[in-house]
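The values are calculated or read from the model by the stated rules, or taken from the named source; none is laboratory data. The model shown is predicted, which means the values in this text are computed figures rather than measured ones. Here the Cβ is made from the backbone with ideal geometry for all residues, glycine too, and neighbour counts use every protein chain on show. Note: areas computed on protein heavy atoms with side chains; ligands, DNA, RNA excluded. Shrake-Rupley method; radii C 1.70, N 1.55, O 1.52, S 1.80 Å.
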Amino acid sequence: MTNQLPAYSKVFILGAGIAGIGLAIKLKEAGHDDYVVADRGHTVGGTWRDNTYPGASCDVPSQLYSFSFAPNKQWSRSFSPQPEIQSYLESVTNEAGVRDHFYFNTEVTKMRWDEDTHKWLITTSNGETTSSALILASGSLSAPKLPEIEGINDFAGEIWHSAEWNHDFDLAGKRLAVIGTGASAIQIVPEIADQLDHLDVYQRTAPWVIPRHDREYGKAERAALKMIPGLGKLYRSSIRFGRETYVPAFTFAKQLGKPLQAMAERHIAKGLTKPELRKAVQPPFQIGCKRILVSNDWYPALSRQNVDLVTSPITRITKDAIQTADGSTRQVDAIVMCTGFHATDHPVADLIFGRKGLQLAEHWRWHGASAYKGTTVPGFPNLFQITGPNTVLGHTSMIEIIEAQIGYITAALDYMSALDLTSIEPKENLTLAYNHELRLDLGKTIWNTGGCASWYLDDAGRNTTIWPKTAIAYAKQMAKFDAAAYNLTDRNDLTTH
Ligand code: NAP
């Protein structure tokens, strides 16, 4: 049963994934008890609740994949499988005692700023509500992207997206097509290939893949991490700082990426024996331009007798087959779209209307998705976004960014309460200056110059996704709420200071 939302809450959080859970815990700790978390799903977890495809696991080391304030001492491996991450997120929510604040099966359909009351008016599938502050914690990889391929609606078999795995479909003895060769596909293909009669993998652009140093933690190691005070913290710090040293190779010292690319080339040579396959998986861009993938079984899976790597572009889908530009037609029973997510077009922005009814999506169509410190947007008072524009990391755990934003937002809400403010809104000139500097920094990086098209770039070619420095640098800029960067309005006269 879905609980009825209260008519008003001081803080409304959209999304019960890692960001929503973390903020809920920290708000409670800070004494902000009047908040709700709404999610269209049936439980917490966000992307880790939804992505249940075979082989789903994290490509960031486990030690970095829990909140720093609630470390998970139970990880079984150095890279955690999805069920363990989901179970961690469930238990951390329960242990913090915040679950009562969550409203599931609640789809938010519209959020409108009301200038008269300085509140957000929020419409959901579970009724209407109002809130003084609106926090978007819905993530940038939550809306599956399906490709527009001619004839796709004529296909008579099953089609599903990797993030919405069809567990009712029995793979045994079937002919399957996987479209895409990104982070999801390279986990799925090795996991399912042996159950199928035949698997066609449709590759548009070959990715760079490096070895995955995954291993099970031994009994003694797990016991030590659990029992010895500070050991887990030390272990985490060593991985964390090690990861930060990758940043120069992506940004100002791209020549440092060469040894990594050489390692990835050796990985191809080791994983594949047939020269034509080795050639077909050779990426046409510099390593790091797209997300670097990690797998030990991707190339061996492509070498299997019952797997074909198809590199000719898809031209059409028919009732029971996929046709490609080289004139081939390959019959299939089902198609799995591993074609990624709406990362740069932020579908949630279609639902948000700020001052003077300005739609966030419309605002961003002109400016490109942008925000002050990736978190707040001029024209949209009391709106905060976690993992907003230019906060994505290519080298380490997003939980570092999420925690930095949670701290900043909590401090902003403290500040508002202390001064009895009704609205805060970042100054436009400072937001423009912040983003101008970001664009300059990004212009030199591998993500913008490495010769690839990726989900980091929007349709106009702007990089509105990546944070181009270390996670530590991001945390530093978020360490204090910088009220001077905001226009403030107080409760008594609703005038701008
Ligand atoms: P993705 O990395 O964006 O890959 C999408 C794939 O689909 C690409 O190979 C793309 O080809 C292909 N594609 C898209 N449209 C196509 C079309 N019309 N025809 C043919 N091919 C098409 O998506 P993803 O694999 O779902 O991963 C997205 C992100 O989610 C990752 O980068 C990562 O951040 C996250 N993720 C993380 C994990 C993890 O930690 N374990 C696992 C999965 C995903 P092009 O390269 O040519 O565009």
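Given the criterion in a loop (DSSP other than H, G, I, E, B) and within 30 Å of Y415 (Cβ to Cβ), identify the matching residue among L5, L23. Steps first, answer last, please.
Details: L23 fails: in a loop (DSSP other than H, G, I, E, B).
One residue alone meets the criteria, L5.
Taking the criterion of being crowded, with 18+ Cβ neighbours inside 10 Å, free of Cβ contacts under 8 Å to residues at least 60 places away in the same chain and not polar (S, T, N, Q), the residues of region 40-80 that qualify are V44, G45, W48, R49, C58.
Residue pairs whose Cβ atoms lie under 9 Å apart, separated by 6 or more positions or on different chains, with the first residue in region 161-177 and of a type in the set (D, E) and the second more than 15 Å from the ligand (Cβ to nearest atom) and in a strand (DSSP E or B), are D168/E158. Among the criteria (1) within 30 Å of A371 (Cα to Cα); (2) within 13 Å of the ligand (Cβ to nearest atom); (3) part of a loop (DSSP other than H, G, I, E, B), the one A163 does not fulfil is (3).
Quick one: how many residues across region 358-387 are of a type outside the set (A, V, I, L, M, F, W, C), open to solvent by less than 10 Å² (accessible area, probe 1.4 Å) and modelled with pLDDT of 95 or more?
5
Inclusion of A361 among residues that are of a type in the set (A, V, I, L, M, F, W, C) and assigned to a loop (DSSP other than H, G, I, E, B) is not warranted.
Of the residues making up region 150-160, those that are in contact with a Lys or Arg (Cβ under 7 Å, 6 or more places away or on another chain) and within 16 Å of the ligand (Cβ to nearest atom) number 3.
Would you mind telling me which numbered condition in (1) modelled with pLDDT of 95 or more; (2) within 16 Å of the ligand (Cβ to nearest atom) G394 fails? That leaves (1) as the condition not met.
Filter region 209-224 for residues that are within 13 Å of the ligand (Cβ to nearest atom) and either over 21 Å from the mean Cα position of the chain (by Cα) or of a type in the set (G, A, S) (or both) and give the result.
First pass over region 209-224, keeping only residues within 13 Å of the ligand (Cβ to nearest atom): 209, 212, 214.
Of everything in region 209-224, just one residue is within 13 Å of the ligand (Cβ to nearest atom) and either over 21 Å from the mean Cα position of the chain (by Cα) or of a type in the set (G, A, S) (or both), namely D214.
Against the test of being at pLDDT 95 or above, farther than 18 Å from Q203 by Cβ and either touching a helix residue (DSSP H, G or I) at 6+ places or on another chain (Cβ under 8 Å) or not assigned by TED's automatic domain parsing to the domain that holds L457 (or both), the options A280, A301, A349 yield a single qualifying residue, A349.
Give A206, A183, A177, A193 a once-over and let me know the one that is open to solvent by less than 60 Å² (accessible area, probe 1.4 Å), modelled with pLDDT of 95 or more, within 16 Å of the ligand (Cβ to nearest atom) and outside any loop (DSSP other than H, G, I, E, B).
On the way: A206 fails: outside any loop (DSSP other than H, G, I, E, B); A183 fails: outside any loop (DSSP other than H, G, I, E, B); A193 fails: within 16 Å of the ligand (Cβ to nearest atom).
From the options A206, A183, A177, A193, the qualifying one is A177.
Sort out which residues of region 283-295 are touching a helix residue (DSSP H, G or I) at 6+ places or on another chain (Cβ under 7 Å) and either open to solvent by 10 Å² or more (accessible area, probe 1.4 Å) or part of a loop (DSSP other than H, G, I, E, B) (or both), and write them in order of number.
Step one: of region 283-295, the residues touching a helix residue (DSSP H, G or I) at 6+ places or on another chain (Cβ under 7 Å) are 286-289, 293, 295.
Scanning region 283-295 gives Q286, I287, G288, C289, S295.
This table checks each residue for (1) within 15 Å of the chain's Cα centre (by Cα); (2) more than 15 Å from the ligand (Cβ to nearest atom).
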| site | (1), (2) |
| --- | --- |
| T329 | no, yes |
| V332 | no, no |
| H342 | yes, no |
| F353 | no, yes |
| A361 | no, yes |
| W366 | no, yes |
| N382 | no, yes |
| I399 | yes, no |
| I402 | yes, no |
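You will find that of I268, I322, the residue that is part of a helix (DSSP H, G or I), among the β-branched types (V, I, T), surrounded by 14 or more Cβ atoms within 10 Å (Cβ to Cβ) and in contact with a Lys or Arg (Cβ under 6 Å, 6 or more places away or on another chain) is I268 and no other.
The residues of region 296-307 that are assigned to a loop (DSSP other than H, G, I, E, B) and away from the ligand (no atom under 16 Å from the Cβ), listed by number, are S303, R304, Q305, N306. Residues that are open to solvent by 30 Å² or more (accessible area, probe 1.4 Å), in contact with a helix residue (DSSP H, G or I) (Cβ under 7 Å, 6 or more places away or on another chain) and part of a helix (DSSP H, G or I) are absent from region 308-317 altogether.
Looking across region 325-358, the residues that are under 19 Å from D197 (Cβ atoms) and part of a loop (DSSP other than H, G, I, E, B) come down to S328, V332, D333. If you go through region 26-71 and keep only what is touching a Phe, Trp or Tyr at 6+ places or on another chain (Cβ under 7 Å), assigned to a loop (DSSP other than H, G, I, E, B) and within 16 Å of the ligand (Cβ to nearest atom), you end up with T52, Y53, C58, D59, P61, S66.
Given the condition touching a residue at least 60 places away in the same chain (Cβ under 8 Å), open to solvent by less than 80 Å² (accessible area, probe 1.4 Å) and assigned to a loop (DSSP other than H, G, I, E, B), answer yes or no: does some residue in region 230-245 qualify? Within region 230-245, not a single residue is touching a residue at least 60 places away in the same chain (Cβ under 8 Å), open to solvent by less than 80 Å² (accessible area, probe 1.4 Å) and assigned to a loop (DSSP other than H, G, I, E, B). Taking region 137-168 as the range and being out of contact with any Phe, Trp or Tyr (no Cβ under 8 Å at 6 or more places or on another chain) and aliphatic (A, V, I, L, M) as the test, the residues that pass are A137, L146, I149, I152, A156, I159. Scan region 407-424 for residues that are out of contact with any Phe, Trp or Tyr (no Cβ under 8 Å at 6 or more places or on another chain) and touching a residue at least 60 places away in the same chain (Cβ under 8 Å) and the total you get is 9.
Filtered by the rule that a residue be more than 30 Å from G461 (Cβ to Cβ) and under 28 Å from the mean Cα position of the chain (by Cα), region 301-327 gives A301, L302.
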